[in-house]
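**Q** The structure that follows is given in the form of structure tokens.
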Amino acid sequence: MPRFEFSLSAQDDTLRLAGAVTSPSFARAIAAIADQTTVEEGDRLEIGVTGFPPARFESVVSVSDGSVAWLPQGRLAA
């Protein structure tokens, strides 16, 4: 199983949580991280495996039900 290393930071760049999680999939790794902390609007997640650059995401909270979605960060415009 892959070992995903991650860091979760607040909008002001304060590190909130960092570590590693072993998971069979990327989606399950993100779910496991979400279970360990409360995610707020604008939080940033960097996650990846050794040897590759990390993926970067920013959290968006739904107004209707409070659910959290992770949007890719740093993508170039087409």
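Coordinate-derived values only; no laboratory data. Fair warning: this is a prediction, and the values are worked out from it, not measured in the lab. Here the Cβ is made from the backbone with ideal geometry for all residues, glycine too, and neighbour counts use every protein chain on show.
**Q** In what sequence do SER25, SER64 fall when counting other Cβ within 10 Å, fewest first?
**A** Numbers: SER25 11, SER64 5.
By the 10 Å Cβ count, ascending, the order reads SER64, SER25.
**Q** Can you work out ³J(HN,Hα) from phi for every residue in region 62-69, in order, using Karplus 6.51 cos²θ - 1.76 cosθ + 1.60 and θ = phi - 60°, giving whole Hz and x for Gly and Pro?
**A** 5, 5, 6, 10, x, 6, 9, 10
**Q** Using only DSSP helix segments of four residues or longer, with each worth -39500 (n - 2.57), what per-residue ellipticity at 222 nm results for the chain after dividing by its residue count and rounding to 500? Present the calculation step by step, with values, prior to reporting the outcome.
**A** Working: 1 runs with 11 residues, N = 78.
Estimated from H runs of four or more residues: -4500 deg cm²/dmol.
**Q** Could you work out how far helix 26-36 tilts from the main Cα principal axis of the chain, as a 0 to 90 degree angle to the nearest 10?
**A** The helix 26-36 is inclined about 60 degrees to the chain.
**Q** Amide H neighbours of ARG16 under 5 Å, at least 5 residues apart or on other chains, H built in the peptide plane: list them.
**A** LEU8, SER9, ALA10
**Q** Taking every alpha carbon pair in region 3-72, what does the distance histogram look like in 5 angstrom bins from 0, in percent?
**A** Each 5 Å bin holds this share of Cα pairs: 4, 17, 29, 27, 15, 6, 1, 0.
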